[in-house]
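What follows is calculated from the coordinates using simple rules that are stated; it is not laboratory data. Bear in mind that the values here come from a model prediction, so they are computed numbers and not experimental data. Note that each Cβ is placed from the backbone with ideal geometry, even for glycine, and that neighbours are counted across all protein chains shown.
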Ligand SMILES: *Cc1c(COP(=O)(O)O)cnc(C)c1O
């Protein structure tokens, strides 16, 4: 159903295809399933726990028979819980192909789309992280293609490489405009009836329920693992911007998994901490920080959070850039561990008996992190492979004729009809 009260009884696969509900609200499950610890017996692997946890959401949906395959194909990288200090562990979500936790949601969503077997084209305007996770997740799939739009001269060379190193069903467009111009252009494409009939556009936004549900699985896995080893329900410290990563944790606790307090860490954008302090939700203009994937002043998942009432034992704190820098430095000096700026917001709030969520590999933000720690950061194999791939993009103005022409020449170059 939708957070705005309509769209009852919509099948999950339809909610995934639609992204946003017709009444402008966000799709939410009508109820959350409840689990008991015994339900999980000896189930230990992330993939097996995910299957048990996600099945009730997919019950009687056309994707249900494919769920196991979708999970195994999407969650095909490690999910380590690393000792940080006595009674504090770090959950590393960055071992996927693009080195950030957005791989989890994007890969699952991509496989859902493709398993539905309809030809569709995902449009994504990006200034960094999300675009590369989406491009990588859909690359090489059978039915779904992706067009990525990024602003010329407004992203780092490393980010540009990650957005343009694709072929086959991923088309990259460097747009002579800024990020807002790219977003506006994508909206224009969505509202063009003729193009929509031809290409069947869809979106892979972070508000898609098909990205949020798979994010619950790492909280289920980590909380069960910690509880079985220590006999204590862990707290979670979660870096969040759009409230997506936070909401996944909150829903997982609602479903009965052994999670105690939830501590949310934001950067200087303090809309969420202000809400938890005052009870008033006041969206703001976002400010730029060094943890820029969390630069959100109007977190769209707040509407989903408010839909299920106000759970207890959640607190939130805003971490200014200076504190992020200090935390990166002290974590390196005291623990020999290099963390990225997003993870640092959470590390600075770590408490005993907690799991701190790490959302990106520090090499993704090496321009920021290397000067702080004064040492070079190794790039993991999956990222360096991506950096070696040949670049392939077309430059356009935000104009529909230029887009269709560039797209058609991509397709003829690639032998696609
Ligand atoms: C997107 C992102 C976040 C925040 O996730 P939300 O879903 O907005 O809560 C945190 N860290 C990194 C590295 C990200 O890319």
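Table for the structure above
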{"read-out": "Anisotropy class of region 283-365 from Cα gyration tensor, a/c 1.5 cut", "value": "oblate"}
{"read-out": "Highest-MSF residue in the chain out of 292, 194, 353 [GNM, Cα springs under 10 Å]", "value": "194"}
{"read-out": "Cα convex hull volume per residue for region 1-52 (Å³)", "value": "91"}
{"read-out": "Ranked 288, 174, 44, criterion: other C-beta atoms within 10 Å, fewest first", "value": "288, 44, 174"}
{"read-out": "Neighbour-count ranking [beta-carbon atoms within 10 angstrom, fewest first] of 81, 93", "value": "81, 93"}
{"read-out": "Footprinting exposure proxy for 286, 412 (fewest neighbouring C-beta atoms within 10 Å first)", "value": "412, 286"}
{"read-out": "Between region 210-281 and region 7-67, the Cα center-to-center distance that results, in Å", "value": "18"}
{"read-out": "Percent RCO, i.e. relative contact order, over region 90-209, from Cα pairs under 8 Å lying at least 6 residues apart", "value": "27"}
{"read-out": "Computed helical MRE - 222 nm, the chain, DSSP H runs ≥ 4 contributing -39500 (n - 2.57), nearest 500", "value": "-12500 deg cm²/dmol"}
{"read-out": "Separation between Cα centres of region 322-354 and region 107-138, rounded to whole Å", "value": "32"}
{"read-out": "Whether region 195-319 is rounded, prolate or oblate, judged on the alpha carbon gyration tensor where a/c under 1.5 counts as rounded", "value": "oblate"}
{"read-out": "Length-normalised contact order of the chain in % [C-alpha pairs under 8 Å, at least 6 apart]", "value": "18"}
{"read-out": "Three-way shape label, region 69-190, alpha-carbon gyration tensor, a/c 1.5", "value": "oblate"}
{"read-out": "Computed Kirkwood radius, in angstrom, where 1/r is averaged over Cα pairs of the chain", "value": "21.9"}
